[in-house]
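The values are calculated or read from the model by the stated rules, or taken from the named source; none is laboratory data. Treat the numbers as computed from the prediction; the structure is a model and nothing was measured. A quick note on method: Cβ atoms are made from the backbone with ideal geometry, for glycine too, and the neighbour counts reach across all protein chains shown.
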Amino acid sequence: MSSYGDGAGQSDLIVCSAADREYFPLLRDSVGSIRALRPDVPIGVFDIGLAADQCEWLASQTVRIVRPGWDLDFPGRDKAPDVLKAEFARPFLPRHYPGYRMYFWLDADAWLQDWRVVELYCRAAGTDKLAIVPEIDRAYKRHYKRPKLFGWNLGWKNYRHAFGWRIADRLGRNPTVNCGVLALHADAPHWAAWQRVLAKVLQRTHFTPAGQTAMNYVVYAERLPVNLLPSYCNWMPGDATPAFDTKRGLFVEPYAPHEVIGVMHLAGAEQKDLTFRLNRLDGGTIDTSLRYAATRDLCAHARAA
């Protein structure tokens, strides 16, 4: 298998995402971050309600646009919001974008800072493993809060919603593997398992993280092979504000050894427009948005200093 990193074999890899017109500014940042690092890597986007001019911009970036339908049948499908089409289409990426060996999913509210993390995902996935990041880190504030009553955290609630109380009690205390960023080979067994479990969930209910909840079941209940990557591969600043390395002009982990954050994931409504106060490795603080476009001048000036 190619390294997916140095130009050789780049057609083996496709980076995929999804957005509607409201999410397009985030998607534009995400695509811009990819193109700044790898101008020629294939990109696919699920169009779940983009405007015509937004599609034109994506076309100018050689993005392959697919407007997904419903890949699965379920009760109430005719009244379900279009945004769920992207959530439920992810397990069918090889169907929508055939001909690739490796699929790298990047949520529209996430952006790339370091291409090496994509290479790490692809190596970790190999041909038969899911490469993904659990929502755990020594810096994340969620781990230092008082436990939820009876362990009824968000993951537990999602399992209960999707599978019922028994599964929730069995799996709900496991850390959620975040499907906003993942890599999976076309031949991996997870696709069929993900499709099957999601189809079962949708006969019971449909909700926004149903696809992620189904994949968590595949990982923890069916125990398909997985490589759990460190949190700098999918960093959530809502849980821990990163630090800023002024010498390199890069966002890094807040604790030593200050690993470079490969993917910045602005998950959660508040994080997308929040101004963060970051500690600088050379001392002092800096206030900034963590949107990709908003950080370009900051990073460029730091590198030029």
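Observations on the model:
- Single match in Asp245, Asp239 (criterion: within 24 Å of Gly284 (Cα to Cα), out of contact with any Leu (no Cβ under 7 Å at 6 or more places or on another chain), touching a residue at least 24 places away in the same chain (Cβ under 8 Å) and of a type in the set (Asp, Glu)): Asp239
- Some residue of segment 98-109 being without any contact (Cβ under 8 Å) to a residue 40 or more places away in the chain and of a type outside the set (A, V, I, L, M): yes
- Any pair with Cβ under 9 angstrom, 6 or more apart, that starts in segment 62-81 at a residue that is touching a residue at least 24 places away in the same chain (Cβ under 8 Å) and within 14 Å of Ser17 (Cβ to Cβ) and ends at one that is of a type in the set (Val, Ile, Thr) and part of a helix (DSSP H, G or I): Val63/Val31
Okay, residues lined up against (1) more than 20 Å from Phe88 (Cβ to Cβ); (2) at pLDDT below 95; (3) buried (at least 22 other Cβ atoms within 10 Å of the Cβ):
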residue	(1), (2), (3)
Gly172	yes, yes, yes
Val181	no, no, yes
Pro189	no, no, no
Pro237	yes, no, no
Glu253	yes, no, no
Ile261	yes, no, yes
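- Selection count, segment 263-305, where residues are surrounded by 15 or more Cβ atoms within 10 Å (Cβ to Cβ), hydroxyl-bearing (Ser, Thr, Tyr) and without any contact (Cβ under 8 Å) to a residue 60 or more places away in the chain: 3
- Segment 200-222: number of residues that are among the hydrophobic types (A, V, I, L, M, F, W, C) and more than 11 Å from Ala162 (Cα to Cα): 4
- Close pairs (6 angstrom Cβ cut-off, 6 or more residues apart or separate chains): more than 13 Å from Asp128 (Cβ to Cβ) in segment 168-193, acidic (Asp, Glu) anywhere: Pro175/Glu135; Thr176/Glu135; Asn178/Glu135; Gly180/Asp107
- Within segment 157-180, the residues that satisfy the criterion of being of a type in the set (Val, Ile, Thr) and within 12 Å of Val219 (Cβ to Cβ) are Thr176, Val177.
- Restricted to segment 25-43, and to residues there that are of a type in the set (Gly, Ala, Ser) and surrounded by fewer than 20 Cβ atoms within 10 Å (Cβ to Cβ), the residue that is farthest from Val118 (Cα to Cα) is Gly32.
- Test: Leu84 is in contact (Cβ under 8 Å) with a residue 12 or more places away in the chain, assigned to a helix (DSSP H, G or I) and closer than 17 Å to Gln212 by Cα: yes
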